[in-house]
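Here's the structure we're looking at; comments come further down.
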Ligand code: ADP
Ligand code: UDP
């Protein structure tokens, strides 16, 4: 399936139409952003690593019974996906305290959160992705109560599957963000799962192997992504 017109150029991916109205091509670029797009940089190989990483994770989630957008890996930097009517709400699960939770509550980074927390953020860069809750979704019509309940259930199920997957690779899944969309009335996992939208720490050293290396200007971003991919067995050849 060939890509046709460019439909949307986001901060990290470009979305293309295809000859099939129900399918899109997601192209993973080498761009990385922080601060809702305020800081942007390019990293060689990032598009390839994230595309292949995302394909690997989406396959694992499918195998575990979580319905996803994924159709096929098209090339190093492109995947063929179902065209979803995206819900403009980000679902975040936190197994340990980090990032905005630490800023908001002043708790110690790394604090184990048992049971894990579930947060919702509105996808709106201009408003800096404000935190919202279930009642906002219904009142503003972003997603129905029933579909949101399914998104929450699927996010927790993904957390269970991925926590084990990463643990077996010597990594702690600290937190992550998922985006969902509707396809013929069904809730499917869309967008991507990669170290751009998750926090992954080495189990032994607590070394950060995710986008915090860019946010905190630590260096070694792609090397860290490749290390995670290598440990999981993602094919980067
Ligand atoms: P952003 O929009 O935040 O800058 P990206 O650069 O990742 O993010 O752009 C990808 C865009 O494609 C996002 O807006 C995302 O919601 C959208 N998207 C991801 N998967 C799908 C899909 N399967 N169908 C339709 N849109 C999608
Ligand atoms: N996240 C994301 N996109 C966003 C906001 C958050 O992918 O727009 C991810 C982020 O990488 C982390 C998790 O969601 O894995 C929780 O992020 P947090 O709320 O701590 O926000 P941040 O530290 O990005 O301000």
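The values are calculated or read from the model by the stated rules, or taken from the named source; none is laboratory data. Note that the structure is a prediction, hence the values are computed from the model and not measured. Here the Cβ positions follow ideal geometry from the backbone for every residue, glycine too, while neighbour counts run over all protein chains shown.
Values computed for the structure shown
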read-out: Of all residues making up segment 1-34, the number that are without any contact (Cβ under 8 Å) to a residue 24 or more places away in the chain, over 22 Å from residue 182 (Cα atoms) and within 13 Å of ligand 1 (Cβ to nearest atom); value: 3
read-out: Residues satisfying the stated conditions in segment 125-165, i.e. within 16 Å of ligand 1 (Cβ to nearest atom), surrounded by fewer than 16 Cβ atoms within 10 Å (Cβ to Cβ) and in a helix (DSSP H, G or I); value: 125, 126, 127
read-out: Residues located in segment 183-236, provided they are more than 16 Å from ligand 1 (Cβ to nearest atom), in contact (Cβ under 8 Å) with a residue 60 or more places away in the chain, closer than 27 Å to residue 88 by Cα and part of a helix (DSSP H, G or I); value: 212
read-out: Strands (runs of 3 or more DSSP E) fully within segment 8-89 counting 1 or more residues that are surrounded by fewer than 21 Cβ atoms within 10 Å (Cβ to Cβ) and at pLDDT below 95; value: 31-34, 39-42
read-out: Hits in segment 130-176 - residues which are touching a helix residue (DSSP H, G or I) at 6+ places or on another chain (Cβ under 7 Å), free of Cβ contacts under 8 Å to residues at least 24 places away in the same chain and closer than 19 Å to residue 117 by Cβ; value: 134
read-out: Residues of segment 166-180 satisfying the condition of being away from ligand 2 (no atom under 16 Å from the Cβ) and either surrounded by 20 or more Cβ atoms within 10 Å (Cβ to Cβ) or in a helix (DSSP H, G or I) (or both); value: 167, 168
